[in-house]
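Worksheet for the structure shown next.
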Amino acid sequence: MSVALYVALEKEIPEFDASSVCGKLLAKAQKKLDGIAQRIGLRPLEDFISTDPEEIRGLLEDVDGVPDGLEIPAEQWFKASDGLKTVRGLLEHLRDDPAGIRDVRCVINDLEATEQVLAVAAKKRIRFHLAVDFRKKTPPMPMILAISLSSFLRNRPPGETDSLSPGGRFLRKEDNEMARIIGIGGVFFRSANPATLYAWYEKHLGLKRTHGVVIFPWKQPDDATDRMTVWSLKKDDTDYFGPANPAFMLNYIVDDLDGMVADLKAAGAQVEDKQDSEYGRFAWVTDPEGNRIELWQPPNVEQEVSP
């Protein structure tokens, strides 16, 4: 999947074209750029990402409908001068030290185009946000949830952990270590009436929703990184679970999607094509009893890859 980041302005600027940012390479490098920004004391690009709630609603409708009770975060706007400080700081850093960024010249071009738009917006005192543009096909459900929950994850009340994320930091894999599942990223159940069933789980089992889904924070014993698992109910007529129509589907977090897919194909398993995005890498496999499994390798700037 192709994803791009572009500048959305709160108000149009007469006789000015704000669509000059291609944004595909910017989106691809965003997590690494955010790591650089944090190291040099700048706000990460992620802080400026927001989405029109109606766009999120449309994406969810295309996949499986809007989950009952989902509270999609309101669209947020930021001072252009704040975004300009981050963009200019990243440009200065990449011009001096481009190491570690693939296609760095193209990434710099995207940042320079973003700088031009934000400079004009700052002069006019027009607010902005970075928006996500999905191209080619609709993103998988966990990716849409990641976007719709982004405001919640970035703007939690004081005292809550600042490192909560779907995947967290992976442990280093040795050359001879097989790819493996390291956690459950999502649990999805069919329901004839999701709203009623959600209410039952909340009343009798204490599961409370945040933005329409239940979130379970967790950690690995040997890794202090905070992670989370999403629990969600789906309409019973969904086709997202595959042709076998199982009652539920699991999303597994994996440490090496390429390695796992290669191993599965070598074993003769039925594997669907991988999809890459700034929100992670996805693949789907059908087990011997016809259950569809979703594999997810979340994005991570700190992930160590064996040489």
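Coordinate-derived values only; no laboratory data. Worth saying up front: this structure is predicted, and the values here are computed from it rather than measured. Don't worry about glycine lacking a Cβ; one is built from the backbone with ideal geometry, like all the others, and counts go over all protein chains shown.
My understanding is that a pair violates if its Cα-Cα distance is over 32 Å; which of Lys203/Lys235; Lys31/Lys219; Lys123/Lys274; Lys11/Lys234; Lys235/Lys274; Lys124/Lys274 do that in this structure? Cα-Cα > 32 Å for Lys123/Lys274; Lys11/Lys234; Lys124/Lys274; rest within. Per-residue 3J(HN,Hα) values for the stretch 105-111, derived from phi via the Karplus relation 6.51 cos²θ - 1.76 cosθ + 1.60 with θ = phi - 60°, read 4, 5, 5, 4, 4, 5, 5 Hz in sequence order (x marks Gly and Pro).
Karplus-derived 3J(HN,Hα) values for the stretch 232-242, using 6.51 cos²θ - 1.76 cosθ + 1.60 with θ = phi - 60°, are 8, 9, 10, 4, 5, 9, 5, 10, 6, 8, x Hz; glycine and proline are entered as x.
Evaluating 6.51 cos²θ - 1.76 cosθ + 1.60 at θ = phi - 60° for every residue in the stretch 245-262, the Karplus couplings come out as 6, x, 6, 8, 9, 10, 10, 9, 7, 10, 8, 7, 5, 4, x, 5, 4, 4 Hz, glycine and proline recorded as x. In summary, the lysines within cross-link reach of Lys24, defined as a Cα separation below 16 angstrom excluding same-chain residues under 8 places away, comprise Lys32, Lys136, Lys137. Take 243-255, 95-107 and order them by the average number of nearby Cβ atoms within 10 Å per residue, most first; the result is 243-255, 95-107. Stretching the chain fully between Asp226 and Ala262 yields a gain of 10.1 nm (0.36 nm per residue, less the alpha carbon separation). The label point for Thr196 and the one for Lys85, both projected 7 Å from the Cα toward the Cβ, are 5.3 nm apart. Remark: the Asp287-Lys123 segment gains 53.3 nm on full extension, using 0.36 nm per residue and subtracting the alpha carbon distance.
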